[in-house]
Amino acid sequence: MTEHTLLEVKDLKVQIPTRRGVLTPVNEVSFTIGRGEIVGVVGESGAGKSITGSAIIGLLDRPARISSGSVTLQGEVISGLNEEQLRRVRGKRIGTVFQDPLTSLDPLMSIGDQLSETAMAHLAISREAAREKALQALIDVGIPAAESRLDAYPHEFSGGMRQRVVIALALIGEPDLIIADEPTTALDVSVQAQVLMLLKRLCRERNTGVMLITHDMGVIAETTDRVVVLYAGRVAEIGNTEQVLTSAKHPYTRGLVGATPNPANMDGDNARLNQIPGSMPGLLALPTGCPFHPRCSEVMPVCKTEQPALTPLGDTTIACHLATEASA
Amino acid sequence: MNDSLISVQSLSRVFDVSKPWLNRVLSGQKRQTLKAVDSVDFTIERGTTYALVGESGSGKSTIAKMLVGLLKPTSGRVHIDGVDLTNASAADIASTRKRIQMIFQDPYASLNPRWRVRDIVGEPIDAFLNVSGAERTRKIDELLEKVGLSSKDGAKFPHEFSGGQRQRIGIARALASDPEFIVCDEPTSALDVSVQAQVLNLMRDLQRDLGLTYLFITHDLAVVRYMADHVGVLYLGRLIESAPRQELFDSPAHPYTQMLINAAPRVDGFGRMHEAADGEIPDPISPPSGCHFHPRCPQRLDACRIEVPVVQHTGRRAVSCLLHGQS
């Protein structure tokens with residue numbers, strides 16, 4: 001853990017006891033986020049991306065719980081905190097942006113009140129100062145005619161504008177880290193580009209770290225510095241975004257990149273998308289060994305029995321027996 | 001042009017979105033209409049894929065529903081292989097209808113959860129083809145195998161399948177009446193990337209093997225680029241540009257098309273910072289005057305506010321923009 005590390009997630013394991021057995025949607029996930037760094041968490045449905053995010057801010061729904069591992073924010077372990085202590089972390093030190101802006105905002109409260117209430121809760125400032133701050137926050141996220149919009153309600157905003165307000169809310173407590181869970185999935189392409197550029201610009205200016213959860217490889221490529229690829233609750237590959245996307249080492253990452261349409265595999269009549277056979281396994285019937293082995297094109301006998309450990313290979317780090325073989 | 005299967009001429013659809021009568025009387029409001037599709041023209045050549053792309057409210061799904069007959073056009077014509085669907089005899093419409101099928105977006109909502117897969121796939125056979133007994137069973141098995149499922153899957157229910165497999169069932173059902181033309185409304189937007197690739201590849205293989213014609217509706221430009229031969233771009237109900245795929249992506253002519261292509265996230269766009277276009281899609285009930293795109297257009301002229309641009313044809317490309325082909 002270096003001085004620049006803002007968040008360290010170490011061997012995080014989330015378990016949900018059910019009548020049909022204990023599910024482990026997040027299994028020994030480790031990664032770090034530095035100050036001002038944008039880290040992408042990518043994976044398909046069921047990979048455990050959102051649960052990882054909820055576990056970090058202590059928003060897991062019962063009966064899901066962190067069964068082992070730790071989350072450390074600026075040197076302080078926050079994974080064992082009680083509800084009261086967590087309230088001082090959420091909003092103040094970690095801001096959140098979720099997929100659907102309409103459910104993140106209170107429909108019965110004006111935008112200005114929501115922003116200034118948040119500012120007063122976290123910053124110990126007067127009502128007047130909080131209202132000033134709310135106005136500045138709306139101007140920063142590019143809401144036109146911000147002053148007259150302070151007294152407007154969420155339903156009076158369009159989808160893109162609402163998501164800007166949610167970003168303003170997440171940033172108003174001046175947090176060190178933002179967790180953004182599919183922040184642009186509900187938006188149209190042109191608006192998505194606006195919101196992503198905004199998020200990226202503000203976080204760079206304020207040196208805020210971002211954990212960006214998404215399933216879109218294009219968004220990952222354009223927005224993040226480093227990327228964590230999750231598969232069936234485990235880290236498959238982790239590394240610098242450009243290196244992971246251009247020279248992926250894990251067969252799953254390589255398959256995922258090949259399955260995403262891009263100019264190189266789209267044009268020409270003989271172009272063909274790479275396809276990964278099958279689909280993500282359910283948590284109740286996880287394969288033994290490496291969870292990806294039934295779909296993997298380079299499966300070896302050892303993959304069926306042993307879970308590979310994270311091992312550096314070339315420019316990235318992968319959980320794959322190809323890497324353990326190479327380093328042995 | 002010489003071998004077009006589908007021809008759509010000045011197709012329009014207006015929805016009445018007025019408040020109820022009493023509310024209108026009490027608050028003195030007028031009737032309100034929404035022009036979801038506004039004089040759209042295009043043709044689709046046999047055996048090719050025509051993609052309609054646009055953001056929410058652009059009218060893509062309304063066009064799809066009118067082509068398959070789920071909605072009646074307010075005005076305009078739809079010709080399928082020479083038969084005018086808007087103005088033909090009932091018998092002609094019935095015989096044409098079986099040549100058209102549709103694949104829906106949501107593989108969870110579009111399959112009846114209480115029916116077995118073989119009944120779902122068999123329904124179009126019963127409706128359109130005069131086969132029964134062993135012949136019918138053989139056809140269902142063959143269809144399931146054609147889309148990459150096994151004939152044993154026929155006895156299962158939809159909930160036993162993953163999203164990608166359900167979309168395969170949807171495709172098998174669409175193929176059951178031996179159609180020539182399939183309308184695909186966002187068939188992969190609910191699927192994960194790796195499964196999307198499986199379904200897109202399957203659809204391309206089926207097109208090649210069976211000579212199918214697709215109308216492919218999506219908001220995802222990357223999918224368009226992989227699937228389409230010809231692309232039409234919609235904005236608030238109007239077709240603002242249409243061109244062969246390569247031409248459209250290499251040199252988009254309409255400022256909206258340029259914006260759309262620029263805004264789409266790219267897998268190879270590392271650290272790309274681009275100035276995204278201003279504004280959002282306006283309210284379709286009271287769209288901007290003149291060219292609908294003018295309030296967001298970086299290249300707008302004074303005339304754009306007043307004049308509705310006329311479609312200009314150059315080669316196989318058609319553009320509705322005052323900047324183009326005015327001479």
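For the reader, a short list of remarks on this structure follows.
- Taking the average, over residues, of other Cβ atoms within 10 Å as the packing measure, peptides B:75-83, A:131-139 rank A:131-139, B:75-83 from highest down.
- DSSP bridge pairs, region A:1-114: antiparallel proportion in percent, nearest 5: 95 percent
- Separation of alpha-carbon centers, region A:21-78 and region A:79-121, rounded to whole Å: 19 Å
- Equivalent ellipsoid semi-axes - Cα gyration tensor, chain B, angstrom: 36, 24, 20
- Each Cα pair under 8 Å and six or more residues apart adds its sequence gap; the mean of these over the residue count of region B:37-113 is a relative contact order of 18 percent.
- Computed from label points 7 Å out along Cα-Cβ, the spacing between B:H274 and A:E83 is 4.7 nm.
- Averaged over peptide A:44-52, the number of partner chain Cβ atoms lying within 10 Å of each residue's Cβ comes to 2.
- Using alpha-carbon coordinates, inclination of helix B:193-210 to the longest axis of chain B, degrees: 70 degrees
- Percent of beta bridges antiparallel (DSSP, region A:85-243, rounded to nearest 5): 40 percent
- With the whole protein complex present, B:C297 retains an accessible surface near 20 Å², based on a 1.4 Å probe.
- Straight Cα distances below 19 angstrom link A:K133 to the lysines A:K92, with same-chain residues fewer than 8 positions distant left out.
- Annotation for A:L59 and A:N274: the two label points, set 7 Å from Cα along the Cα-Cβ direction, are 3.4 nm apart.
- The relative contact order of chain B comes to 20 percent, based on Cα pairs under 8 Å that sit 6 or more residues apart.
- Share antiparallel - DSSP beta bridges, chain B, percent rounded to 5: 60 percent
- Within straight-line reach of B:K30, meaning a Cα separation under 24 Å, sit the following lysines at least 8 residues removed in sequence or on another chain: B:K19.
- By the helix-only formula, in which each DSSP H run with n ≥ 4 contributes -39500 (n - 2.57) and the sum is divided by residues, chain A has a 222 nm mean residue ellipticity of -10000 deg cm²/dmol.
- Part-to-part distance (alpha-carbon centres) for region A:173-226 and region B:137-189, which is given in Å: 37 Å
- For region B:255-297, Kirkwood radius (reciprocal of mean inverse C-alpha pair distance, Å): 12.1 Å
- Largest first, the extents of the alpha carbon coordinates of region B:1-152 on the three principal axes equal 64, 44, 33 Å.
- Stretchable slack from A:A326 to A:A121, in nm (0.36 nm times residue separation minus alpha-carbon distance): 68.5 nm
- Summed side-chain charge close to B:V14 - residues other than B:V14 whose Cβ falls under 12 Å, Lys, Arg +1, Asp, Glu -1: +2
- Residue pairs exceeding 23 angstrom between C-alpha atoms, taken from B:K35/B:K60; A:K49/B:K152; B:K98/B:K146: A:K49/B:K152.
- Using the Cβ-Cβ distance between B:S151 and B:W21 with R0 set to 51 Å, the FRET efficiency from 1/(1 + (r/R0)^6) comes to roughly 0.40.
- Longest to shortest principal axis, alpha-carbon extents of region B:124-180, angstrom: 32, 24, 17
- Relative contact order (%) - chain A, alpha-carbon pairs under 8 angstrom, separation at least six: 20 percent
- The calculated FRET efficiency for the pair B:I261 and A:E306, based on their C-beta separation and a Förster distance of 41 Å, comes to about 0.35.
- Residue-level accessible surface for A:K49, protein heavy atoms, 1.4 Å, Å²: 20 Å²
- Placing a label point 7 Å from the Cα of B:S75 along the Cα-to-Cβ direction, the residues of region B:217-247 with a backbone N closer than 17 Å are B:237-239.
- Theoretical FRET efficiency, 1/(1+(r/R0)^6), r = Cβ-Cβ of A:A285 and B:D205, R0 30 Å, to 0.05: 0.50
- Between B:A94 and B:I306, the modelled labels are 5.5 nm apart [label points 7 Å from Cα along Cα→Cβ].
- Reach of A:K13 by Cα under 20 Å, taken over aspartates and glutamates that are not fewer than 8 positions away in the same chain: A:E28, A:E44, A:D61, A:E76, A:E83, A:D181, A:E237, A:E306
- Radius of gyration over Kirkwood radius for the protein assembly as shown, both on Cα atoms: the Rg/Rh ratio is 0.98.
The values are calculated or read from the model by the stated rules, or taken from the named source; none is laboratory data. Just so it is clear, the model here is predicted, and its values are computed rather than measured. Note: ideal-geometry Cβ built from the backbone for every residue, glycine included; neighbour counts use all protein chains shown. These area figures cover heavy atoms from the full protein model, side chains too; ligands, DNA and RNA do not enter into them. Shrake-Rupley method; radii C 1.70, N 1.55, O 1.52, S 1.80 Å.
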